[in-house]
Amino acid sequence: MSLYTIKTGNRVEISLNLENDKNAKYTSLVEENYGDGKLLLYIPMMYGKIIKLPVDEEYTFTFITEMGIIKYSVVIKEYVYMNDFNFMIVQTISEIEKIQRREFFRFDCVLPLRFLIFSEENSDAEENCFFEGLVKDLGEGGIRFLSNADVDLGENIKFFITLNYECAIVKGSILHKQEYPKSNFKYQYRTRFFDLDKDEKDKILKYIFFEQRFKARKDREFLDMDYQVNID
């Protein structure tokens, strides 16, 4: 994985590296990747106010990308105002640190789900034994979902996940189960996919990429409104 993994719209978490405050963090969005370690980012905001951090100080920037979560040590070089937006130009000063494998990256979502249970001995599960549920996060490696169906740990599942205009059909096994007896859905499950077909994987990644870009546009619109309020 390289710096070019970082794309427009990727979310950024900024840590201030303060020994007495481990929770000193801000968030931002990538506007442009110039290459050679130089990036254009939105200036972080908090409570409607622009936060201008000191330049030439070292910070830890964590980038949430389609390929996973990566971390760099970064310095802020300068602040610029372009096209009615406030930006900061930053420079990476360390080697990349990959802190999460792509397959474990999960995208928060709400998607309708149908599934059925099958065994390795009888992989052709009866198509009339469907259960229903709701996907809460999704990644190349698996899903977290809610359902009223009581499924045992280790069971093999065939999932039919509605992704906007197409359906991904994937196999997975139940890794974790949590019960919520007073909720609309009694159970929450975490799963891991296996024997993932390339076409189905591409459907999932295309959906995540599209939704992240859509969310990034919405975030930029929100930032624009927030900046206008702050400037006025």
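Quick rundown of the values:
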quantity: Subset of the range 184-216 [assigned to a strand (DSSP E or B) and not polar (S, T, N, Q)]; calculated: 187, 189, 190, 192, 193, 194
quantity: Selection status of residue 223, in contact with a Leu (Cβ under 8 Å, 6 or more places away or on another chain), at pLDDT below 80 and within 30 Å of residue 28 (Cα to Cα); calculated: yes
quantity: Matching residues in the range 1-23 - criterion: being at pLDDT below 65, of a type in the set (A, V, I, L, M) and in a loop (DSSP other than H, G, I, E, B); calculated: 1
quantity: Elements of type strands (runs of 3 or more DSSP E) contained in the range 103-183, each with 3 or more residues being more than 24 Å from residue 209 (Cβ to Cβ), modelled with pLDDT of 85 or more and of a type outside the set (A, V, I, L, M, F, W, C); calculated: 166-179
quantity: Tally of residues being of a type in the set (S, T, N, Q) and within 14 Å of residue 28 (Cα to Cα) across the range 57-84; calculated: 3
quantity: Residue satisfying condition, being farther than 22 Å from residue 204 by Cα and in contact with a Lys or Arg (Cβ under 7 Å, 6 or more places away or on another chain), within set 89, 76; calculated: 89
quantity: Subset of the range 41-99 [among the hydroxyl-bearing types (Ser, Thr, Tyr), in a loop (DSSP other than H, G, I, E, B) and surrounded by 13 or more Cβ atoms within 10 Å (Cβ to Cβ)]; calculated: 94
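The values are calculated or read from the model by the stated rules, or taken from the named source; none is laboratory data. Bear in mind that the values here come from a model prediction, so they are computed numbers and not experimental data. Quick reminder, even Gly has a Cβ in these numbers, built from the backbone with ideal geometry, and neighbours come from all protein chains shown.
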